[in-house]
Amino acid sequence: MATIISRTVNHLRYVNRSLVRSRLRISSPPLAESLQNRHLPLLQQSLAIYQRCLLSTTTNTAANEGNAESKTSENANSDNSGDGNKSGESHESNNAGRSVRGGPVSWLSFLLLVATGAGIVLYYDKEKRQHIEEIFKASKEVKQGPSVGKAAIGGPFNLINHEGKRVTEKDFLGKWTLLYFGFTHCPDICPDELQKLAAAVDKIKEKGGIEIVPLFISVDPERDTVEQVREYVKEFHPKLIGLTGSSDEIRSVARAYRVYYMKTQEEDSDYLVDHSIVMYLMSPKMEFVKFFGKNNDVDSLAEGITKEIKQYKKK
């Protein structure tokens, strides 16, 4: 019996250590606080009480067994001294009876303790599974749920168009705008993206009757003068508007639209500009709707823009 109780104590100690470790591993703050505040203290207090009871039971049982052995030896001595086999047998049976019935914890109490310990383990496993399911459900809802608020993209600007006139974001109010940042000396990417942009704008108008203003903003103010931008934009679309400005003005609008750009491999006036390759769809209020990356072709770009416009009109 002492061996069984000792094993039970060790098992409960293991469960207690698991509870402490699980408290350290939980990474979801709302769920972790709920689990720790409601369940873990109660379980650990119960485990501590059961451990003390079982330890005291182990000690008392061992003492009783020692007493039983000593009394048995005394009975054996009394048998050898001539008290008779019957008296020795009666002493042994009485002592054996006392070790079970007279101990601090009866067999029934011991079984109740074991059953309670098993219940705690099952309860802990159930809470752990429930906690994991809640984390999975919460992460799934975050991935599939609607976005909250609007992205902080866009803002006021004051630039010069390819005709030499000052324009601001207010000049584009009431129109859908598709905006792209690049530079006129770009060898391949900018021409490809502007051709895609022009084709998508024509396709959207042809299929959906939606008018979209294509807009190009230079990120190379040192070389992209008004004349340079004018000659460049007319190669792609008759309605493509080109904007340029001073270094500070370009830096300001690029920061507002979260656009990265930087000179690379500068040799006199021959250099490239590394920059973000993104198209921004802006609403008639000149508010950011969605961006489209380089991975879109003409068809997917046109379909994506049309879908966003239809959803916007339903709001």
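The values are calculated or read from the model by the stated rules, or taken from the named source; none is laboratory data. From a predicted model like this one, the values you see are computed outputs, not experimental measurements. Backbone-built Cβ (ideal geometry, glycine too); neighbour counts: all protein chains shown. Note: accessible area is taken over every heavy atom of the protein model, side chains too, but ligands, DNA and RNA are not part of it. Shrake-Rupley method; radii C 1.70, N 1.55, O 1.52, S 1.80 Å.
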When residues of region 199-226 are filtered for being under 21 Å from Cys186 (Cβ atoms) and acidic (Asp, Glu), how many remain?
3
Hits in region 151-169 (condition: among the acidic types (Asp, Glu) and surrounded by fewer than 17 Cβ atoms within 10 Å (Cβ to Cβ)):
Glu163
Could you say which residue among Ser218, Ser252 is over 21 Å from Pro284 (Cα atoms) and in contact with a helix residue (DSSP H, G or I) (Cβ under 9 Å, 6 or more places away or on another chain)?
Ser218
Taking region 211-244 and keeping residues polar (S, T, N, Q) and open to solvent by 30 Å² or more (accessible area, probe 1.4 Å) leaves Thr225, Gln228
Cβ-Cβ distance below 7 Å, separation of 6 or more or different chains: which pairs start in region 111-131 with a residue that is among the aromatic types (Phe, Trp, Tyr) and end on one that is in a helix (DSSP H, G or I) and at pLDDT below 70?
Tyr124/Val15; Tyr124/Leu19; Tyr124/Leu43
Scanning region 182-207 for residues that are open to solvent by less than 20 Å² (accessible area, probe 1.4 Å) and touching a helix residue (DSSP H, G or I) at 6+ places or on another chain (Cβ under 7 Å), the one farthest from Gln228 (Cα to Cα) turns out to be Ile204
Farther than 21 Å from Leu173 by Cβ and touching a strand residue (DSSP E or B) at 6+ places or on another chain (Cβ under 9 Å): is that true of Lys205 in this structure?
no
Give me the pairs: first residue in region 275-297 and closer than 14 Å to Lys313 by Cα and free of Cβ contacts under 8 Å to residues at least 40 places away in the same chain, second residue open to solvent by less than 20 Å² (accessible area, probe 1.4 Å) and assigned to a loop (DSSP other than H, G, I, E, B), beta-carbon distance under 6 Å, and six or more apart or on different chains, which are they?
Val289/Ser283
Filter region 246-258 down to the residues that are touching a residue at least 24 places away in the same chain (Cβ under 8 Å) and surrounded by fewer than 22 Cβ atoms within 10 Å (Cβ to Cβ), then identify the one that is farthest from Ser276 (Cα to Cα).
Ser246
Of the residues that make up region 233-250, is at least one part of a strand (DSSP E or B), within 24 Å of Arg166 (Cβ to Cβ) and touching a Gly at 6+ places or on another chain (Cβ under 6 Å)?
no
Tally time: how many residues in region 261-315 are open to solvent by 100 Å² or more (accessible area, probe 1.4 Å) and not in a strand (DSSP E or B)?
10
